[in-house]
Amino acid sequence: MEEDLDKAASQHDEIIDAIERHDASAAGEIVRAHMELSRRRMTEYVAPIGVEVPLVY
């Protein structure tokens, strides 16, 4: 979890840097990666490993 938190904080800095450079493509890629990391973390919180919870969208 700590590694993911460090990665998320780093991604925030990378997003800001890309925006400052006016690099929309890079910012978009980092935001998508950040959302995937966040989605995974939220899923682990809702359905911890070892707990069988069917997630249906």
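Rule-based calculations on the coordinates, nothing more; no lab input. Not measured: the values here are computed from a predicted model. Cβ: placed from backbone, ideal geometry, glycine included. Neighbour counts: every protein chain shown.
Computed over the range 2-46, the percent of Cα pairs more than 16 Å apart is 37. Using θ = phi - 60° in the Karplus curve 6.51 cos²θ - 1.76 cosθ + 1.60, the 3J(HN,Hα) couplings for the range 9-21 round to 5, 5, 4, 4, 4, 5, 5, 4, 4, 5, 5, 4, 7 Hz; x is entered for Gly and Pro.
Can you figure out the FRET efficiency of Glu29 with Glu3, using R₀ = 22 Å and their beta-carbon distance, to the nearest 0.05? The formula returns an efficiency of 0.60 here. Each Lys or Arg adds one and each Asp or Glu subtracts one; over the other residues with Cβ under 10 Å from the Cβ of Asp23, this totals -2. Computed over neighbours whose Cβ is under 12 Å from that of Val46, the net charge equals +2, Lys and Arg +1, Asp and Glu -1. Working note: Karplus 6.51/-1.76/1.60 with θ = phi - 60° gives the range 27-32 the couplings 4, x, 5, 5, 4, 4 Hz, where Gly and Pro are set to x. Charged side chains reduced to their Cβ positions (Lys and Arg at +1, Asp and Glu at -1) give the range 1-46 a dipole of some 260 debye around its Cα centre.
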